[in-house]
Amino acid sequence: MKKIPVILILALLVFFRASAQVSVDVSLDQNQFLPGEPLPVAVHITNRSGQPLHLGANPSWLTFSVEAADGFIVVKNADAPVLGEFDLGSSEVATKRVNLAPYFILNHAGRYRVIATVHIKQWNLDVTSPPKKFDVISGVELWSQNFGVPGATNQPPDVRKYTLLEANYLASELRLYAQVTDESESRVFKVVRIGQLVSFSQPEEQLDRYSNLHVLWQSGASSFTYAVINPDGDIERTETYDYVKTHPRLGTNDDGDIVVIGGVRRLKPDEIPVVKSPDEMPAPAKQ
């Protein structure tokens with residue numbers, strides 16, 4: 001039997017001792033995602049080495065790998081941008097947040113796992129996180145509509161498609177998503193969660209003159225949510241309406257703009273007027 005060189009044994013001992021003093025963990029805000037939905041991960045780096053670490057100076061200081069449990073190959077488009085130098089002192093924890101959706105093609109429903117690797121240059125050491133599992137699930141299409149993106153009038157329009165999807169999150173919560181793709185659905189521009197909905201809700205949808213999508217749906221026992229999504233898939237605004245005397249519904253005003261008719265709009269916290277106490281009121285002017 002060949003003997004392991006003493007130098008190699010010492011190197012392995014140094015490696016395991018150093019890696020044990022720095023840990024890397026990955027967390028997710030949710031465990032289920034639709035294909036194309038943002039996939040934000042938080043990488044937590046804990047330093048217990050007794051010395052400060054300088055991280056973030058190189059594009060490869062933090063890398064990710066995504067694997068499918070069923071053997072499906074996950075295509076990586078590019079490395080996620082992670083540049084940004086910082087010092088991590090001993091007994092400190094740093095968190096780096098990255099959206100992985102643009103950098104991995106996750107259009108295949110199934111179970112996946114993501115692994116983060118931190119390279120510590122001053123030690124020439126890689127520290128890898130335990131795998132974090134998540135699922136990519138298929139949504140149920142509720143409605144879809146092709147539309148032209150407003151632009152120059154001397155060329156053919158850029159035709160895209162809005163799709164409303166319903167997803168049963170953890171079998172206990174229905175979520176409503178808006179998806180924007182090209183006409184053939186081969187390219188996904190954005191998938192965005194616009195809110196919860198009750199099981200019997202039938203969303204109303206209308207497109208305005210600017211190709212914005214207006215959606216109204218029941219999100220609670222007597223509450224409705226209204227959202228406006230632009231052709232890029234960004235949410236322009238959301239509002240909540242309560243069913244008071246009349247049922248909220250989509251309609252148009254005298255200017256032809258799409259508005260919510262009926263119900264009572266619930267004020268947002270920054271819209272509620274501040275009521276001052278009597279001792280804060282200015283003293284009355286003397287006569």
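Listed values, structure above:
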quantity: All positions within the range 155-173 that are open to solvent by 10 Å² or more (accessible area, probe 1.4 Å) and assigned to a strand (DSSP E or B); calculated: Asp158, Val159, Arg160, Lys161, Leu165, Glu166, Asn168, Tyr169, Glu173
quantity: Inter-residue pairs, beta-carbon under 8 Å, first closer than 30 Å to Arg48 by Cα and open to solvent by less than 90 Å² (accessible area, probe 1.4 Å) and in the range 67-94, second outside any loop (DSSP other than H, G, I, E, B) and among the small types (Gly, Ala, Ser), 6+ apart; calculated: Phe86/Ala94; Leu88/Ala94
quantity: Those residues of the range 110-138 which are farther than 19 Å from Asp29 by Cα and of a type outside the set (Ser, Thr, Tyr), in sequence order; calculated: Val118, His119, Ile120, Lys121, Gln122, Trp123, Asn124, Leu125, Asp126, Val127
quantity: Of residues in the range 174-221 being part of a strand (DSSP E or B) and more than 15 Å from Ile235 (Cβ to Cβ), the one least open to solvent (accessible area, probe 1.4 Å); calculated: Thr181
quantity: Per-region count, the range 240-253, residues without any contact (Cβ under 8 Å) to a residue 24 or more places away in the chain, outside any loop (DSSP other than H, G, I, E, B) and of a type outside the set (Gly, Ala, Ser); calculated: 3
quantity: Residue within the range 116-134 that is open to solvent by 30 Å² or more (accessible area, probe 1.4 Å), at pLDDT below 95 and among the acidic types (Asp, Glu) present; calculated: no
quantity: Index of the failed condition, Ser184 passing every other in (1) modelled with pLDDT of 90 or more; (2) of a type in the set (Ser, Thr, Tyr); (3) in contact with a Phe, Trp or Tyr (Cβ under 9 Å, 6 or more places away or on another chain); calculated: (3)
quantity: Residue in the range 230-239 that is in a loop (DSSP other than H, G, I, E, B) and open to solvent by 80 Å² or more (accessible area, probe 1.4 Å) present; calculated: yes
quantity: Residue match in the range 43-56 (condition: under 30 Å from Arg187 (Cβ atoms), open to solvent by 20 Å² or more (accessible area, probe 1.4 Å) and touching a Phe, Trp or Tyr at 6+ places or on another chain (Cβ under 9 Å)); calculated: no
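The values are calculated or read from the model by the stated rules, or taken from the named source; none is laboratory data. Quick caveat: nothing in here was measured; it's all calculated off a predicted structure. So basically every Cβ, Gly included, is an ideal-geometry build from the backbone, and we count neighbours across all protein chains shown. Heavy atoms of the whole protein, side chains included, go into the accessibility calculation; ligands, DNA and RNA do not. Shrake-Rupley method; radii C 1.70, N 1.55, O 1.52, S 1.80 Å.
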